[in-house]
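Below: the structure, in structure tokens.
Please treat every number below as a calculation from the coordinates, not as lab data. Quick caveat: nothing in here was measured; it's all calculated off a predicted structure. So basically every Cβ, Gly included, is an ideal-geometry build from the backbone, and we count neighbours across all protein chains shown.
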């Protein structure tokens, strides 16, 4: 059994660009049930009118650059740096429908101006966070998220905000069983609406991001690298995102070997460590 970390993983920020395929070990799908899944999200206000965000986890690495006039989105660019399907690289196109939409401190407001299921789920979520961060006072925000593999039907989820533990849940079958003040809250169904109705905006943003980890981590439990094409994944989330739309899935090819294992701190510290080296785009 892999020992669950008690603190946020170290965070490097000044590394030169590097190849994840060479530096980070591949995920061993036979080890499911013995480890955990990580994600790191970093949001940066580069200038008064430009915000950049990156997201990296075992399966994905995405970047969003957004410019605005303090009131609305002027331009957005989504870059897919690592993804499990070939068609994920096309997801910047549907994202363009948010251009002209108003800025909002609510990261989920993006859903009012674009169809979530027509977009890459994770690029869409990241863009919502970038929009929200554009109106915050702090220049940089970082979320480190972790979910353990199920053991006796229970999982532990942690979210560190800027290095400090902010949320720590134990769940069973999609329902929080601890801590006491969260007990009985279901992560299934209308959790986003519940969060916005019952939590302050900053806690709601973090809770919604952490809940997404329950979906991501299930990818450890099935080795989709055994497939060659999207149409072979007959029990996948059909119609739930860009790649899994019927017209796209028929040409999706599996990007085999791209799933990485960030369990160890020495590897977790490298998540987004070369973000600065990618520089500032020219939107």
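On a full-extension model of 0.36 nm per residue, what is the gain between residue 14 and residue 178, subtracting their alpha-carbon distance, rounded to one decimal in nm?
Stretched fully, the residue 14-residue 178 segment lengthens by 55.3 nm.
Taking a ≥ b ≥ c as the square roots of the Cα gyration tensor eigenvalues, with a/c under 1.5 meaning rounded and otherwise prolate when a/b beats b/c, else oblate, which class fits the chain?
Because its axes are fairly even, with a/c under 1.5, the chain counts as rounded.
What are the extents of the Cα atoms of segment 105-205 along their three principal axes, in Å, largest first?
Principal-axis extents of segment 105-205 (Cα, largest first): 39, 31, 25 Å.
On full extension of the chain, what length is gained from residue 99 through residue 77, given 0.36 nm per residue of separation minus the C-alpha to C-alpha distance? Write out the running numbers ahead of the final one.
Values: separation 22, 0.36 × 22 = 7.92 nm, distance 1.02 nm.
Once the chain is fully extended between residue 99 and residue 77, it gains 6.9 nm.
Once label points are set 7 Å from the Cα along Cα→Cβ at both residue 278 and residue 229, what is their separation, rounded to one decimal in nm?
Using points 7 Å along Cα→Cβ, the separation is 3.1 nm.
Quickly estimate the mean residue ellipticity at 222 nm for the chain, helices only: each DSSP H run with n ≥ 4 gives -39500 (n - 2.57), and the total goes over all residues, rounded to 500.
-5000 deg cm²/dmol
What ranking do 263, 82 get, fewest neighbouring Cβ atoms within 10 angstrom at the top?
Ordered from fewest to most neighbouring Cβ atoms within 10 Å, 263, 82 come out as 82, 263.
If I stretch the segment between residue 156 and residue 190 completely, what's the gain in nm (0.36 nm per residue apart, minus their alpha carbon distance), one decimal? Working shown, then result.
On the way: separation 34, 0.36 × 34 = 12.24 nm, distance 2.07 nm.
Length gained, residue 156 through residue 190: 10.2 nm.
Short version: what are the Cα gyration tensor semi-axes of segment 19-72, square root of 5 times each eigenvalue, largest first, in whole Å?
Taking √(5λ) for each eigenvalue gives 33, 12, 7 Å, largest first.
With the Cα gyration tensor of segment 233-283 giving a ≥ b ≥ c as the square roots of its eigenvalues, does the rule (a/c under 1.5 for rounded; else a/b larger than b/c for prolate; else oblate) give rounded, prolate or oblate?
Since a/c reaches 1.5 but b/c is at least a/b, the shape of segment 233-283 is classed as oblate.
Let me make sure I get this right: for segment 170-255, a, b and c are the square roots of the gyration tensor eigenvalues over alpha carbons, sorted descending. Under 1.5 in a/c it's rounded, otherwise prolate if a/b > b/c, else oblate. Which is it?
prolate
Please list log₁₀ I(q)/I(0) at q = 0.16, 0.21, 0.24 Å⁻¹ for segment 47-160, using the Debye equation with identical point scatterers on the alpha-carbon positions.
-0.75, -1.15, -1.37
At R0 = 41 Å, how high is the FRET efficiency between residue 164 and residue 115 if r is their beta carbon distance? Nearest 0.05 is fine.
So, using R0 = 41 Å, E works out to roughly 0.70.
Sort 64, 175 by Cβ crowding within 10 Å, fewest neighbours at the top.
By the 10 Å Cβ count, ascending, the order reads 175, 64.
Please rank 108, 234, 51, 23, fewest neighbouring Cβ atoms within 10 Å first, as an exposure proxy.
Placing the least packed residue first, the sequence is 234, 23, 108, 51.
At 4 °C and 1.567 mPa s, what whole-number value in µm²/s does Stokes-Einstein give for the translational diffusion of segment 3-112, with Rh from the Kirkwood sum over Cα pairs?
It diffuses with D of about 78 µm²/s by this estimate.
So how far apart, in nm, are the two label points at residue 251 and residue 69 if each is 7 Å from Cα heading toward Cβ?
3.5
Can you give me the distance in nm between label points at residue 240 and residue 222, each placed 7 Å from the Cα along the Cα-to-Cβ direction?
A separation of 0.9 nm, rounded to one decimal place.
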